[in-house]
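Notes to accompany the following structure.
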């Protein structure tokens, strides 16, 4: 979770700055800085600052599109909406691709090289692996292992992206299931422990009987 | 003997002024410090041993220097002369460094860098000198063969906030975090090294090569389940055969877990933690993350 | 709290923690 710790401070700075800016050009600069910053991967806080939401319907509404793209979108979304988003700077491109990896790892823990190269517009394995190593694993947003033989990336940990409102219910459902499964697991473990205790009691009793019998036999022999 | 000693000292002085270090050292090493005829006090003997070691060191002659620093080792424990003790420590670290005993050299350089005093005899210990010793400690640790002791010293150095101000810190950080060092970083690091730290070893690798390739192989083993030597060569910026050779040796020496499929020309890295153990570790990590939340 | 939501979302994706063939054999 140290990604969240690292970016918490950044979110505070950018949201504070955005809340005092009124004019479009300075907000434009702020959005560009935020979507280019190497350590920031969360944008919903900035999106909800009033001065930003007010841009809707103005000539600066593209800034909202940019922030929404970085909050919830992927490189593929950008490519299919080139008209409504200004062209991105290299730092922004890299970040959007990093965020796309996070989105991909939401649906699967094994990402094939072919899928990644297609989604990220990367042409060869070396370039893909360098991107995953330098810009994803070394920046701390994902942890995992590269498997060249099976040409896939096994994700062990991926930082969370901003949630769209509609994702909340499925998250609550997943948590509820998890809770239920965990309760069952604990219940089963308790059962097992009880069973083990009972069995050990039975064993002890049985052992005692045997020992008593041995004693009796010894006495009889004497 | 007295006259011989005076002549030798004078001649050694002359050689030293002409920077003929080994000649000066030979001249002084001819003085019989263990003579039964003349009383030679311990301080004088210690001073001469250290002086001869220093002179041989000036000529990068580690073997002869070590012979005299070893003699000094027997004398220094009873000595209370701070200057001599200080010089002994500095020269000993340099000799170990020169002999490529990097792990021990690193520990001694680090000890030197931690000295509190700023004045020993008439020798002033300035910040630059301490910083130099700290940098030398980091350099030797990086060049030392990978293993548990090196990891411990790396951790100590990484957590020593004085290191964060050193020019070498970015390299230290990557080595400590077990991250792959790319060719430009290695070349920049190489600029700061002394000749013997870039010397060619019998197996045709330089000291730096071997240290960097070993480090990068271990770093790659943290990132990959398996990798072809072709790609590994591209990743590390080295010849695939070279990578295979060093990987094979590290696996044989149990300094890396894995196996090499020469037919497919692929290395399979193994994680020595059992799957079940990994499962436990992952669950512990999950519960900790849950607690954090 | 968006940060909390992101952390929960990341946490949920860590399950199942291991899903390999080898693990299943070892586990059984």
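FYI, it's all coordinate maths here, none of it is from the lab. Just so it is clear, the model here is predicted, and its values are computed rather than measured. We place every Cβ from the backbone using ideal geometry, glycine too, and count neighbours over all the protein chains shown.
Pick from A:81, A:184, A:169 the residue whose mean-square fluctuation is largest in a GNM of chain A, springs joining Cα atoms under 10 Å. Top of the fluctuation ranking is A:184. Take the Cα of residue B:292, step 7 Å toward its Cβ, do the same at residue A:206, and the gap between the two points is 4.8 nm.
Give the peptides A:62-70, A:110-118 in descending order of average Cβ contacts within 10 Å, highest first. Please report the intermediate quantities before stating the final value.
Details: A:62-70: 20.7, A:110-118: 16.3.
In descending order of packing, they fall as A:62-70, A:110-118.
Arranged by the count of other C-beta atoms within 10 angstrom, fewest first, what order do A:139, A:182, C:9 take? Don't jump to the answer; show the numbers that get you there.
Values: A:139 18, A:182 10, C:9 21.
Fewest-to-most ranking of A:139, A:182, C:9: A:182, A:139, C:9.
Between 0 and 90 degrees, the angle of helix A:167-221 with respect to the longest Cα principal axis of chain A falls at about 20 degrees. Taking every C-alpha pair closer than 8 Å and separated by at least 6 residues, the mean separation divided by the residue count of chain A gives a relative contact order of 16 percent.
Order the peptides B:111-117, A:170-176 from the highest to the lowest mean number of other Cβ atoms within 10 Å of their residues.
My ranking of the peptides, most packed first, is B:111-117, A:170-176.
As a ratio to 2.2 N^0.38 Å, the alpha-carbon radius of gyration for chain A is 1.67.
Across the residues of A:127-139, average count of Cβ atoms on other protein chains within 10 Å?
Working: counts 0, 0, 6, 4, 0, 1, 7, 3, 0, 0, 3, 5, 0.
Mean number of neighbouring Cβ atoms from other chains: 2.
Helix B:275-292 and the longest principal axis of the C-alpha atoms of chain B enclose an angle of approximately 90°. Shown here are the Rg and Dmax of the Cα trace of the protein assembly as shown, at 32.8, 110 Å. Between residue B:162 and residue B:198, the C-beta separation translates, for a Förster distance of 30 Å, into a calculated FRET efficiency of about 0.70. Rounded, prolate or oblate for chain B? Axes are the square roots of the Cα gyration tensor eigenvalues, ordered a ≥ b ≥ c, and the cut-off for rounded is a/c under 1.5. Prolate shape, in that a/c is at least 1.5 and a/b is the bigger ratio.
With a ≥ b ≥ c the root eigenvalues of the C-alpha gyration tensor of region B:134-293, is it rounded (a/c under 1.5), prolate (a/b larger than b/c) or oblate? Spell out each step's value before the answer.
Working: a/c = 2.09, a/b = 1.12, b/c = 1.87.
Verdict is oblate for region B:134-293.
I'd like the projected area of region B:113-227, averaged over all directions, using the convex hull of its alpha carbons. Report it in nm² with one decimal.
Details: hull surface 35.2 nm².
Mean shadow area of the hull around the Cα atoms is 8.8 nm².
Of all the options B:129, B:36, B:147, the one that moves most in a Gaussian network model of chain B with Cα springs shorter than 10 angstrom is B:36.
Against the main long axis of the alpha-carbon atoms of chain B, helix B:82-98 sits at an angle near 50°.
Take the Cβ atoms of residue A:175 and residue A:80, set R0 to 41 Å, and the FRET efficiency comes out at 0.80.
Take the Cα of residue B:281, step 7 Å toward its Cβ, do the same at residue A:91, and the gap between the two points is 3.5 nm.
Take the convex hull of the alpha carbons in region A:13-90; its mean projected area over all directions comes to 4.9 nm².
Based on the convex hull around the alpha carbon atoms, region B:215-293 presents an average projected area of 6.5 nm². First check a/c for region B:66-148, with a ≥ b ≥ c the square roots of the eigenvalues of its C-alpha gyration tensor; if it is under 1.5, answer rounded, and if not, answer prolate when a/b is larger than b/c or oblate otherwise. Because a/c hits 1.5 or more and a/b fails to exceed b/c, region B:66-148 counts as oblate. Build a GNM of chain B with springs between Cα atoms under 10 Å: which of B:185, B:264, B:275 gets the top mean-square fluctuation? Per the Cα network of chain B with a 10 Å cutoff, B:275 tops the list. Computed from the C-beta positions of residue B:41 and residue B:18 and an R0 of 35 Å, the FRET efficiency is 0.75 to the nearest 0.05. All Cα-Cα separations within region A:140-222 were binned at 5 Å from zero, giving a P(r) of 3, 10, 7, 9, 9, 10, 9, 7, 7, 5, 5, 5, 5, 4, 3, 2, 1, 0, each value a whole percent of the pairs.
Peptide A:160-169 has a mean of 3 when you count, residue by residue, the C-beta atoms of other protein chains within 10 Å of its C-beta. Where the centre of each part is set by its Cα atoms, how far does chain C sit from region A:48-107, in angstrom? Comparing the Cα centres of chain C and region A:48-107, I get a distance of 28 Å.
For the peptide A:107-115, the mean number of other protein chain Cβ atoms found within 10 angstrom of a residue's Cβ is 1.
Listing A:178, B:279 from fewest to most neighbouring C-beta atoms within 10 Å gives A:178, B:279.
Distance between the 7 Å Cα→Cβ label points at residue A:110 and residue B:32: 8.1 nm.
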